[in-house]
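J.: Structure below; questions to follow.
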Protein chains: 2
Amino acid sequence: MIDVVKIKENETVDDLILSGLKIIQKTSSFRFSIDAVLLAHFVTVKKKDKVIDLGTGTGVIPLIISTREKELDLTGIEIQEEMAEMAKRSMLLNNLTDIKIIAGDFRKLGKEFNNKFNLVVSNPPYLPLNQGKISSIPEIALSRHEIKCTLGELMETAARLLKNQGRFTLIHRAERLGQIIALLQKEKLEPKRMRLVHSHFNKPANLVLLESVKGASPSLKVYEPLIIYNQDGSYTNEILNYYFGGEACAT
Amino acid sequence: MIDVVKIKENETVDDLILSGLKIIQKTSSFRFSIDAVLLAHFVTVKKKDKVIDLGTGTGVIPLIISTREKELDLTGIEIQEEMAEMAKRSMLLNNLTDIKIIAGDFRKLGKEFNNKFNLVVSNPPYLPLNQGKISSIPEIALSRHEIKCTLGELMETAARLLKNQGRFTLIHRAERLGQIIALLQKEKLEPKRMRLVHSHFNKPANLVLLESVKGASPSLKVYEPLIIYNQDGSYTNEILNYYFGGEACAT
């Protein structure tokens, strides 16, 4: 398939390793990170689930989720048109054109999308506008700072798109956990599964993986910590399994 | 001092190990657990701080906190009169009669206690009334189930007693973290420091240690996990340090 998909001059084709998947990324701007990989492995996903990724970027999350279950109905929505077009070509490159990529603002998705999804996922920008320097490269600025969408608007959209008992799963900075839980509960999204991500086992958590269920009763399962690096700086077995196979989801 | 403090027939004098402290406990009912020790080591405490422990039981938490800093003004309040009287004798036994023990309901503490404390701590009952069997032994029932006070009433009291920027630190079941954060934020107690407690490093979290600050801005530091047991079933070095000395608080 590769020879029929156009790769532009400022793009690279990168190997996702996982299941032979490939992804097109720009050389100069936002490139997918390990965070997307962690999220795609943490989500609970069931056969035939209808799934949407809010702010899909390069489309890496639907691509990885497609390997987790059969007969999924996968959609990614991305506000940056050029990025969305690139994600579409990545789907073509992997012969996964049943993964739909929408170029648009997820806050403006029509009523026909309401209460339709089993799973909403998102790896949103981590920083509010008043924190940290905003990048001069628009793609990087949009992926890091809440320029196009606040955390509250993300939760609102997730709650609106989900069926009752549907799941909203996100990855975010651990330091924002208090705000995240408050905003989720405002939308009746109840936190049910959480895993903290630490670079090393004896370091503070950098990131949090959190799955909430629309309309569920309160009771949160906090998994064992997810550790990225061994003491010698090599990746832990769990991280290696995410890339090189094996059953890697928290159980 | 021991010979002047009366020990009743159904009581034991137990060694807290730490700094040679001793504690009186009943043989048949609630005895302090490792949870109180974890909490007393997790709290941020500064010289001359005015501290109150809500539901102090045997008084174990103020006893341990008294070893963490100098010139503290420590109070414990306990609704069960017999338990409070026993806690008073433990203070006498340790020659720490400057630790005040109040027999009473903390929800009814008078206005003269409002906005007076730098630190409020609590190791409250972990179970709502609709969950788990309620013990027929009153002391155990009160220490396990929210019979005398709901979690919301605890947060309300903590917020009322604290000075602005004062700290409220509790230990609770990890599964109730969602509710805890929602209730704290309702009282403008902002979660600032959190540590999850796991029996083993590869097991889900059982408990959460959480320190909130009255009127603070949101930003939560999540520490490295606190692990109780090594793989071979022995206590980890951190836990041994809590009992046998060394600087053991998360930094």
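J.: Filter region A:205-214 down to the residues that are out of contact with any Lys or Arg (no Cβ under 6 Å at 6 or more places or on another chain) and surrounded by fewer than 22 Cβ atoms within 10 Å (Cβ to Cβ) and list them by number.
T.: A:N206
J.: Same structure, new question: Within region A:182-198, track down each residue that is in contact with a strand residue (DSSP E or B) (Cβ under 6 Å, 6 or more places away or on another chain) and more than 9 Å from chain B (Cβ to nearest Cβ).
T.: A:L189, A:R193, A:R195, A:V197
The rows are residues; the columns are (1) surrounded by fewer than 21 Cβ atoms within 10 Å (Cβ to Cβ); (2) under 8 Å from B:K214 (Cβ atoms).
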| site | (1), (2) |
| --- | --- |
| B:G152 | yes, no |
| B:E156 | yes, no |
| B:L162 | no, yes |
| B:F168 | no, yes |
| B:I171 | no, no |
| B:R176 | yes, no |
| B:Q185 | yes, no |
| B:K188 | yes, yes |
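J.: So, one more: Would you mind finding the one in B:G246, B:G215 that is at pLDDT below 95, farther than 18 Å from B:A36 by Cβ and not aliphatic (A, V, I, L, M)?
T.: B:G246
J.: Among the residues of region A:145-164, are any more than 21 Å from B:Q179 (Cβ to Cβ) and within 13 Å of another protein chain (Cβ to nearest Cβ)?
T.: No, region A:145-164 contains no residue that is more than 21 Å from B:Q179 (Cβ to Cβ) and within 13 Å of another protein chain (Cβ to nearest Cβ).
J.: Every residue in region A:53-88 that is at pLDDT 95 or above and polar (S, T, N, Q), please.
T.: A:T56, A:S66, A:T75
J.: Output the number of the condition that B:E238 fails; it satisfies all remaining conditions of (1) away from chain A (no Cβ under 14 Å); (2) touching a strand residue (DSSP E or B) at 6+ places or on another chain (Cβ under 8 Å); (3) surrounded by fewer than 22 Cβ atoms within 10 Å (Cβ to Cβ).
T.: Failed condition: (1).
Yes or no, residue by residue, for (1) part of a strand (DSSP E or B); (2) surrounded by 15 or more Cβ atoms within 10 Å (Cβ to Cβ):
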| residue | (1), (2) |
| --- | --- |
| B:N118 | yes, yes |
| B:P125 | no, yes |
| B:L129 | no, no |
| B:G132 | no, no |
| B:S135 | no, yes |
| B:A141 | no, yes |
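J.: Moving on. Filter region A:165-181 for residues that are within 14 Å of chain B (Cβ to nearest Cβ) and of a type in the set (G, A, S); which is nearest to the chain's Cα centre (by Cα)?
T.: A:A174
J.: Looking at region B:35-66, which of its residues are free of Cβ contacts under 8 Å to residues at least 60 places away in the same chain and among the aliphatic types (A, V, I, L, M)?
T.: B:V60, B:L63, B:I64, B:I65
J.: Also: For B:I65, indicate whether it is out of contact with any Asp or Glu (no Cβ under 7 Å at 6 or more places or on another chain), among the aliphatic types (A, V, I, L, M) and more than 21 Å from B:S33 (Cβ to Cβ).
T.: No; evaluated as a whole, the condition is false for this residue.
J.: Assuming A:P204 fulfils every condition listed in (1) more than 18 Å from the chain's Cα centre (by Cα); (2) at pLDDT below 95 apart from one, which condition is it?
T.: Against the list (1) more than 18 Å from the chain's Cα centre (by Cα); (2) at pLDDT below 95, A:P204 comes up short only on (2).
J.: Related question: Restricting the search to region A:218-228, which residues are within 10 Å of chain B (Cβ to nearest Cβ) and either more than 14 Å from B:H198 (Cβ to Cβ) or not β-branched (V, I, T) (or both)?
T.: A:P218, A:S219, A:L220, A:K221, A:Y223, A:E224, A:P225
Residues checked against (1) among the hydroxyl-bearing types (S, T, Y); (2) more than 21 Å from B:T27 (Cα to Cα):
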{"site": "B:I52", "(1), (2)": "no, yes"}
{"site": "B:T56", "(1), (2)": "yes, no"}
{"site": "B:V60", "(1), (2)": "no, no"}
{"site": "B:T97", "(1), (2)": "yes, yes"}
{"site": "B:I102", "(1), (2)": "no, yes"}
{"site": "B:E112", "(1), (2)": "no, yes"}
{"site": "B:N115", "(1), (2)": "no, yes"}
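The values are calculated or read from the model by the stated rules, or taken from the named source; none is laboratory data. The model shown is predicted, which means the values in this text are computed figures rather than measured ones. Neighbour counts are summed over all protein chains in view; Cβ atoms, including those assigned to glycine, are modelled from backbone coordinates with ideal geometry.
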